[in-house]
Amino acid sequence: MTTHLSRPRTALTTDPAQQAFLLLRTVFTVAPIAFGLDKFANVLTYWPHYLAGWINDIVPGTAQQAMYAVGVVEVLAGIVVAVAPRLGAWVVAAWLAGIIVDLVTGPGFYDVALRDFGLLIGALALARLAVRYAPALPFRTHS
């Protein structure tokens, strides 16, 4: 008699939709946090160049100070995705929509706006997958 040794197959290894959910959740946690932190360092790029002039005119302070606020929002959005992806995915999608408006009405970064549109679609996909694969909001109690 032959004994076959194999690892048990779990839903994680066999369910492509759950794998997609975990991949999107990871990316939409890490990327906003990383890009948000970079708003304070300007290592990847000089972020104030991406701020539309009309937005710079209505926010108080300098464009760099506006990027500090943007960085805080992005870090918080990434944390919300990690903790409550059903909510966080919608926060990130809305944030990306705002970035797209900035990019197409500002200095003409249409290629970046198109990329961010693709990210927005990914965030919406995460929101839909989270309905199935993420538990309800952590502060919700069941009776």
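Observations, loosely collected:
- Ellipticity estimate at 222 nm from DSSP helix runs (n ≥ 4, -39,500 (n - 2.57)) divided over the chain, nearest 500: -24000 deg cm²/dmol
- For the chain, alpha-carbon Rg relative to the globular expectation (2.2 N^0.38 Å, N residues): 1.31
- Each Lys and Arg contributes +1 and each Asp and Glu -1, all at the Cβ; summed about the Cα centre of the chain, the dipole is approximately 740 debye.
- Relative contact order (%) - criterion: Cα under 8 Å, at least six apart; region: the chain: 27 percent
- Extreme residue, positive dipole direction of the chain, given options I33, T62, Y110 (C-beta unit charges): I33
- FRET efficiency, 1/(1 + (r/R0)^6) with R0 35 Å, evaluated for V27 and N56 via beta carbons: 0.75
- Compactness of the stretch 15-95 as Cα Rg over 2.2 N^0.38 Å, two decimals: 1.23
- Surrounding net charge for A127, when Lys and Arg each add one and Asp and Glu each subtract one, Cβ distance under 15 Å: +4
Read-outs: derived from the displayed coordinates by stated rules, not from any lab. Note that this is a predicted model, so its numbers are computed, not measured. Heads up, the Cβs are rebuilt from the backbone with ideal geometry, glycines too, and the neighbour counts pull from every protein chain shown.
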